[in-house]
Protein chains: 2
Amino acid sequence: MNIAIDVMGGDYAPEAVVDGILLAISNLAQEETILAVGPADTINTLLADRGYTGSQIRVINADQVIEMGEHPTRALSQKPNSSIGVGFALLKEGKADIFASAGNTGAMMVGSLFSVKTIEGVQRPAIAGFIPQTDGTHSVMLDIGANADCKPEMLEQWAVLGSVYASATRGIASPRVGLLNIGEEEQKGSILALATHALLKANDKLNFVGNLEGKDVFRGKADVIVTDGFTGNIVLKMGESIYNIMKEQGMVNEFVDRTNYENYGGSPIIGINGNVIIAHGASSPTAIMNMIKLCQNIVKSEVAKKIKAAFENN
Amino acid sequence: MNIAIDVMGGDYAPEAVVDGILLAISNLAQEETILAVGPADTINTLLADRGYTGSQIRVINADQVIEMGEHPTRALSQKPNSSIGVGFALLKEGKADIFASAGNTGAMMVGSLFSVKTIEGVQRPAIAGFIPQTDGTHSVMLDIGANADCKPEMLEQWAVLGSVYASATRGIASPRVGLLNIGEEEQKGSILALATHALLKANDKLNFVGNLEGKDVFRGKADVIVTDGFTGNIVLKMGESIYNIMKEQGMVNEFVDRTNYENYGGSPIIGINGNVIIAHGASSPTAIMNMIKLCQNIVKSEVAKKIKAAFENN
């Protein structure tokens with residue numbers, strides 16, 4: 001297994017990424033390799049400074065960097081030798097099984113669409129986020145921000161994609177799908193939520209458990225939470241803010257700790273022909289370490305392959 | 001000041017409402033009266049059972065009850081002598097300065113539109129909710145559910161209405177208005193959020209501080225949070241759920257306690273020619289007591305009058 005990591009991605013790169021990779025090394029099986037993508041000199045110096053002499057990190061040179069504020073499409077075409085550009089080339093050529101970055105989210109999304117491309121039949125890929133549940137599990141929520149304006153058919157597809165993801169990564173036979181909405185009753189909601197509810201209810205491939213309200217987000221009522229990318233982004237970031245607020249007040253327990261995004265390591269892009277992870281811009285070494293664990297789990301679970309199969313059988 | 005209370009509204013009515021009124025009595029000034037609207041025999045019995053012999057509660061008979069699940073418009077026309085119907089009649093005739101209920105939200109909204117009516121020039125009234133802030137204050141957020149599908153012009157008006165509300169009730173000279181969105185930058189967001197951002201920025205009557213992300217909801221960045229009723233409802237209910245989750249885990253501190261909806265007592269309907277409060281369906285006596293405090297504050301602040309004046313001068 002080859003896991004490509006963008007060493008230049010994130011607010012604390014390259015140091016935090018190198019430190020995170022080194023934290024993850026002990027969890028790697030012998031046949032697992034990290035492809036550390038970025039300026040070779042910089043990475044080699046950082047690894048040497050930290051006394052690394054192993055063979056499970058392979059440095060892949062990429063001289064350019066796409067900054068956080070850059071326009072995704074323009075940056076990717078003007079900087080083919082950027083760490084993001086090279087990472088996607090590795091993924092496309094099959095030299096990497098997964099590519100992960102804490103860098104420019106837009107560039108990661110555009111890179112996915114241009115390199116491995118959207119699965120045929122999928123209207124729009126989504127970004128999936130993890131929501132801690134009070135029963136000790138976590139739910140996968142999608143979309144969390146790739147698509148601010150949505151159609152009901154997009155949400156229905158994400159329900160299918162999310163179900164395959166939950167099933168592949170967590171072994172749930174028939175994941176419960178909930179629709180984020182403003183009332184429990186079927187006849188409540190926005191035009192989008194009402195139309196989506198009808199589609200989900202009629203889709204016999206889904207285990208649709210109905211609407212979830214805001215109060216249900218953490219309550220273990222669904223394994224997959226479906227929503228538009230506007231609502232999903234706000235819910236995810238609001239949920240993550242609980243950790244910082246409670247930490248400032250000295251109020252961290254097991255549940256609060258699980259609202260810390262560092263524990264999830266990133267958000268998979270779902271609906272493309274490959275495995276791609278976008279990590280939080282402020283990723284610490286711990287977050288990067290968990291990003292690599294997430295990569296291992298996703299590659300082992302063969303998520304992208306199973307999602308593709310689900311659509312081919314449609 | 002006459003405060004009309006629907007004694008039959010809420011999951012625990014009439015007992016919880018009568019108990020809440022009795023808790024509030026000691027906070028009333030001599031010239032303040034509670035109009036307890038509902039079946040006179042029932043209310044008088046409950047008051048007698050609790051040993052009440054004062055004169056600040058006036059029982060106003062209303063024989064019918066609109067249940068939680070009833071269709072608002074139909075129920076109001078078929079049950080003119082319901083507690084909600086009689087409450088709105090009192091408000092319309094000027095016999096009550098404010099009407100509050102923990103009953104059928106839809107009926108409270110429809111009753112407002114039919115009795116005191118929308119302020120001329122306001123496209124759609126909104127329901128406002130209170131969001132605790134980590135700096136010890138609270139923000140007013142609107143809409144929280146009356147309008148699931150919105151136009152930018154509606155959100156712009158709510159920014160004005162919310163500013164007048166924050167100014168009248170909290171004495172803030174120039175309330176900071178934030179737009180709930182999925183990025184800090186001006187060019188981020190849904191079609192609705194982008195268009196609303198432009199309107200808010202161009203409106204020189206507003207102190208617009210820009211976009212708020214989900215992580216900013218509790219962070220004291222705005223006195224008024226503007227959003228569509230779909231997002232606002234989910235954010236409000238998710239915020240309220242923090243209290244129950246933390247309470248179960250024995251983790252209540254000052255901030256967590258302020259996420260308990262009981263402390264706010266209800267949500268004002270903003271943009272109508274009168275003062276109306278909708279309280280949580282599960283309101284306890286404490287919640288009803290705080291609902292009455294909110295009523296006193298709103299009447300004293302002359303919110304509806306000031307909002308009307310703000311639109312007349314537009």
(request) Within segment B:133-179, track down each residue that is of a type in the set (Gly, Ala, Ser) and within 12 Å of B:GLY232 (Cβ to Cβ). (result) B:SER139, B:GLY145, B:ALA146, B:ALA148, B:GLY162
(request) Please indicate, with yes or no, whether at least one residue in segment B:197-204 is within 14 Å of chain A (Cβ to nearest Cβ), within 17 Å of A:GLY229 (Cα to Cα) and buried (at least 21 other Cβ atoms within 10 Å of the Cβ). (result) no
(message) So, B:ASP223, is that one touching a residue at least 40 places away in the same chain (Cβ under 8 Å), among the charged types (D, E, K, R) and at negative phi or not?
(response) yes
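Mind telling me which of the residues B:VAL276, B:VAL235 ends up being modelled with pLDDT of 95 or more, crowded, with 22+ Cβ neighbours inside 10 Å and within 13 Å of chain A (Cβ to nearest Cβ)?
Step by step, each of B:VAL276, B:VAL235 is checked, and only B:VAL235 is modelled with pLDDT of 95 or more, crowded, with 22+ Cβ neighbours inside 10 Å and within 13 Å of chain A (Cβ to nearest Cβ).
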(message) So B:GLY94 ticks every box in (1) surrounded by fewer than 22 Cβ atoms within 10 Å (Cβ to Cβ); (2) under 18 Å from the mean Cα position of the chain (by Cα) but one. Which box is left unticked?
(response) (2)
(message) Among (1) of a type in the set (S, T, N, Q); (2) modelled with pLDDT of 95 or more; (3) over 30 Å from B:LYS151 (Cα atoms); (4) not assigned by TED's automatic domain parsing to the domain that holds B:GLN157, there is one condition B:THR118 misses while meeting the rest; what is its number?
(response) (3)
(message) Residue under question is B:ILE270, and the condition is that it be crowded, with 21+ Cβ neighbours inside 10 Å, modelled with pLDDT under 95 and under 18 Å from B:GLU156 (Cβ atoms); does it hold?
(response) no
(request) Considering (1) outside the structural domain of B:ASP6 (by TED's automatic domain parsing); (2) within 30 Å of A:GLU248 (Cβ to Cβ), say which one B:ASN290 fails and leave the rest. (result) (1)
(request) State the number of residues belonging to segment A:43-59 that are part of a helix (DSSP H, G or I) and buried (at least 16 other Cβ atoms within 10 Å of the Cβ). (result) 3
(request) Among the residues of segment A:16-56, count how many are more than 22 Å from A:GLN296 (Cβ to Cβ) and of a type in the set (A, V, I, L, M, F, W, C). (result) 3
(request) Give segment A:206-224 a look and list any residue that's within 12 Å of chain B (Cβ to nearest Cβ) and of a type in the set (A, V, I, L, M), or say none. (result) A:LEU212, A:VAL217
(message) Being within 7 Å of another protein chain (Cβ to nearest Cβ) and of a type in the set (Phe, Trp, Tyr) is the filter here; which residues of segment A:238-255 pass it?
(response) A:PHE255
(message) For segment B:72-89, check the following and say yes or no: at least one residue is assigned by TED's automatic domain parsing to the domain that holds B:VAL299, of a type in the set (Val, Ile, Thr) and touching a Cys at 6+ places or on another chain (Cβ under 6 Å).
(response) no
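Using the structure shown, decide if B:LYS247 is surrounded by fewer than 20 Cβ atoms within 10 Å (Cβ to Cβ) and touching a Leu at 6+ places or on another chain (Cβ under 7 Å).
Criteria not met by B:LYS247.
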(message) Can you say whether A:ILE298 is farther than 18 Å from A:TYR165 by Cβ, more than 9 Å from every other protein chain (Cβ to nearest Cβ), touching a residue at least 40 places away in the same chain (Cβ under 8 Å) and in contact with a strand residue (DSSP E or B) (Cβ under 8 Å, 6 or more places away or on another chain), as far as the supplied structure shows?
(response) no
(request) Just name the residue that is surrounded by the most Cβ atoms within 10 Å (Cβ to Cβ) out of those in segment A:138-158 that are touching a helix residue (DSSP H, G or I) at 6+ places or on another chain (Cβ under 8 Å) and more than 15 Å from A:PRO268 (Cα to Cα). (result) A:LEU155
(request) Consider B:SER190 carefully, then state whether it is out of contact with any strand residue (DSSP E or B) (no Cβ under 8 Å at 6 or more places or on another chain), over 21 Å from B:GLY265 (Cβ atoms), of a type in the set (Ser, Thr, Tyr) and at pLDDT 95 or above. (result) yes
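The values are calculated or read from the model by the stated rules, or taken from the named source; none is laboratory data. From a predicted model like this one, the values you see are computed outputs, not experimental measurements. Positions of Cβ are generated from backbone atoms using ideal geometry, with glycine treated the same way; all protein chains shown enter the neighbour counts.
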